[in-house]
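The values are calculated or read from the model by the stated rules, or taken from the named source; none is laboratory data. Treat the numbers as computed from the prediction; the structure is a model and nothing was measured. Note that we place each Cβ from the backbone using ideal geometry, even for glycine, and neighbour counts take in every protein chain shown. Surface accessibility is based on the protein's heavy atoms, side chains included, excluding ligands, DNA and RNA. Shrake-Rupley method; radii C 1.70, N 1.55, O 1.52, S 1.80 Å.
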Amino acid sequence: MEAFLNSAAVVGFGEMGDKTQVLALLLAMRYRRSLPILTGIFFATLVSMGVTALLGTTLSAWVPGHLLRWLLVVLFAGVAIWTLIPEDDDDDEDDDEAPFTSSSSLVLTAFITFVLAELGDKSQIATLLMAAKYREFELVMSGATLGEMIAIAPAVLLGKTTAQWIPMLWVRIAAALLFAALSAWIAIFGLE
């Protein structure tokens, strides 16, 4: 259960203010249809986090524990620093009319867009690290998926107003502190 909860927290915090959250906001603003967008994002997240968690658990089986420990310390510290770098979100299109798109087409659009946007993303790296640390594929994948959806769903459901409520600088700082704390925890206490 620890793997599930920690994965959800790490990915959820890491996703705040990230490019995929901004992408979800832009899709919601453009198409104004939450359910198909959330469906596509959910399936994209399952695929992305599933593959990443599988890779992380496989990596932990092949890399000796003492090397894996220091690799995770360095990677978590790197993600902490990366989290402090603001994302480019200069897309300020204001269309008064949402283009009509069928639900299945919108699900597919959201799915493909999110699979591509997640490649090498912080949340994907965090999932890989959590899977390597805990070696529990199902719990890490489920937790990472939940964390991603908790961060993404408000952006889709609340559309434009979400960006006005969230002070992204503070969110990035909190997420960076969480990743730095994980790095320090593993450096001090190891993987167990």
Restricting attention to the alpha-carbon atoms of the chain, what are Rg (one decimal) and Dmax (integer), both in Å? 16.9, 56
Computed from the mean reciprocal separation of all distinct C-alpha pairs, what Kirkwood hydrodynamic radius does region 1-64 have, in Å? 13.7 Å
Give the accessible surface of region 1-41 per residue, rounded to a whole number of Å², with probe radius 1.4 Å and ligands, DNA and RNA excluded. 39 Å²
Simple spin-label model, 7 Å along Cα-to-Cβ: Thr58 to Trp170 in nm? 4.2 nm
Would you work out what percent of the accessible area of the chain, with all protein chains in place, is carbon or sulfur (probe 1.4 Å)? 70 percent
Nitroxide proxy distance, nm - points 7 Å out along Cα→Cβ at Ala153 and Ala184: 3.2 nm
For the chain, with the dipole built from +1 on Lys and Arg beta-carbon atoms and -1 on Asp and Glu ones, taken about the Cα centre, which of Met141, Ala187, Leu5 lies farthest toward the positive end? Ala187
What is the extension gain from Leu67 to Glu2, computed as 0.36 nm multiplied by their sequence separation minus the C-alpha to C-alpha distance, in nm to one decimal? 21.1 nm
Only Cα pairs within less than 10 Å get springs; with that Gaussian network setup on the chain, which residue of Ala53, Ala174, Ala151 has the largest fluctuation? Ala174
